[in-house]
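The values are calculated or read from the model by the stated rules, or taken from the named source; none is laboratory data. Not measured: the values here are computed from a predicted model. A quick note on method: Cβ atoms are made from the backbone with ideal geometry, for glycine too, and the neighbour counts reach across all protein chains shown. Surface areas here come from the heavy atoms of the whole protein model, side chains and all, with no ligands, DNA or RNA. Shrake-Rupley method; radii C 1.70, N 1.55, O 1.52, S 1.80 Å.
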Amino acid sequence: MSLARRMLIGAIAWSLVAVIGGIVAMTVSYRAQTISLLEQELDSVLITLPRALEVLPDGRVTDIEEKLPSDVRFDLPLSGRYWAIAAAQEDGTIRDDIRSQSLWDGPLPLAVGHAQAALANPGLTVYENARGPADERLRVAVRAITVPNRDSPILIMAAADREATDEGANQLRFLLLISMTFLAAGTLIALWVGLRLALLPFDRVQLHISQVREGTRAKLDGDYPVEVLPLTQELNKLLDNNRAIVERAQTHVGNLAHALKTPLAVLLNEATGSTPLDDVVRRQTESMRANVEHYLKRAQAAARAEALGVRTEIAPVVDGLVRLLNRLFNESGVTVSSTVAGNVFVRVEQQDLEEMLGNIMENACKWTKSRVEVSAEPGDNGHMLIHVDDNGEGLTPEEMTSAVKRGVRLDETAPGTGLGLSIVADIAEMNGGRLTLSDSPLGGLRATIALRRS
């Protein structure tokens, strides 16, 4: 998973937590504030009610109209705002002496247990979710007071419908959900845009590294931000070190080749007689020289294959070999042609491409009847296929398998060491490709080199 995606997932998770937490916190705060205001309003009603009481000589209480709460909702039946003055009985029940017109003939919104608890509490008692005469949810404030000429206290109560409070909280929750969702979405979009802009230099670095690998750029020398410069500098050092290693390997291989050629040449020069020993020395020396040549070429190809930024155009290499082979095999009546298009590159050193195509095309010229054709076409997995076809006798499937083995010669009468196709296969494999043999459309053999396209 990319760094940008991880940061976005983290931001989304944090946004969800912030949105949900913010909605819950603000809704709870709003509800607490509105409930507090409602309780203050109910408490003010309770403070007003005792002033409207008048105690009769027989201990009963009545109300003074002009001193009752003036809120018109107390006069509307089942309006959701109620007040009542009730007397507590010895059995714990209550009997209302005076009530607001809004209660109509409905029951008092106070249970027996609540009344007894209010009588035991000298202060204000508030109950939630009490049921009103219209079965609405009420918030009830109750206070017990004592009046002259009465042995038992009187309960005064005020109630208000909670629907308005709950509806306000629901509306606030909805508005918060919409606004905070848009805020979180905007924040995430801004974060995504910021991440894309911040990571653009890394896309440029990736492109330049790809160009270095393909050989169109020698080093990372773009205009990079300060944060990316340490990375590009270390990569440039790595590229320089890689080139130095390849150059040292090629130098050592060349030195080894020169060191071995001289002793082998001396042995061949000394074995000029016709004795069996001279014959053995000549044959073994030729074998040693062929093996040395094979492994030296393989080492050189391996060193070059490890280098970064190598690329070679196919057409110039093929055209050069076509001209050379047409001159060499002109007297044999062999015609070499090419249909390879220009501006097609493969990821291999020119020397390695010349080595592979030279071996294959020369073999084709030796065994063809009259024609050798070279073509190229795109293959799978980003490879380029280079075909060398001839109209010779061809090979059987068993001979095709044996032909690429080191030291195998299908015709012992022809000159050579049997290492040509083996070297081609090794060089192709070291460069991420392969050599295959098949039947040619011309009737002979087709040798195909698959190399990575650049």
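Tabulated values for the structure
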| item | result |
| --- | --- |
| Under Karplus coefficients 6.51, -1.76 and 1.60, residue-wise ³J(HN,Hα) of segment 333-345 in Hz, glycine/proline x | x, 9, 10, 10, 9, 9, 10, 6, 6, x, 6, 10, 10 |
| Normalised alpha carbon radius of gyration of segment 211-287 [divisor 2.2 N^0.38 Å] | 2.13 |
| FRET efficiency for L37 and N121, using Cβ-Cβ distance with R0 set to 22 Å, rounded to 0.05 | 0.50 |
| Coordinate range along principal axes, alpha carbons of segment 354-398, Å, largest first | 33, 25, 17 |
| Simple label model, 7 Å out from Cα along Cβ direction - L78 to S179, nm | 3.7 |
| At R0 = 41 Å, FRET efficiency that the Cβ-Cβ distance of A290 and L231 yields, to 0.05 | 0.30 |
| Calculated from backbone phi, Karplus (6.51, -1.76, 1.60) coupling profile of segment 68-83 in Hz, x at Gly/Pro | 6, x, 8, 5, 5, 5, 6, 9, 8, x, 6, 7, x, 10, 9, 9 |
| Spin-label model distance (nm) - D240 vs R5, 7 Å beyond Cα toward Cβ | 3.7 |
| Inter-label distance, nm, simple model (7 Å from Cα along the C-beta direction), E247/A259 | 2.1 |
| Solvent-accessible surface (1.4 angstrom probe) belonging to H252, in square angstrom, nearest 10 | 120 |
| Exposure ranking of Y82, Y30 by accessible area [1.4 Å probe, largest first] | Y30, Y82 |
| Cα-based convex hull, segment 131-225, per residue volume (Å³, whole number) | 199 |
| Accessible-area value, W192, 1.4 Å probe, nucleic acids and ligands omitted, Å² | 130 |
| Theoretical FRET efficiency, 1/(1+(r/R0)^6), r = Cβ-Cβ of S370 and D279, R0 56 Å, to 0.05 | 0.90 |
| Å³ per residue enclosed by the Cα convex hull of segment 141-282 | 350 |
| In Hz, Karplus ³J(HN,Hα) per residue of segment 392-402 (6.51, -1.76, 1.60; θ = phi - 60°; x = Gly, Pro) | x, 6, x, 9, 6, x, 5, 5, 5, 5, 6 |
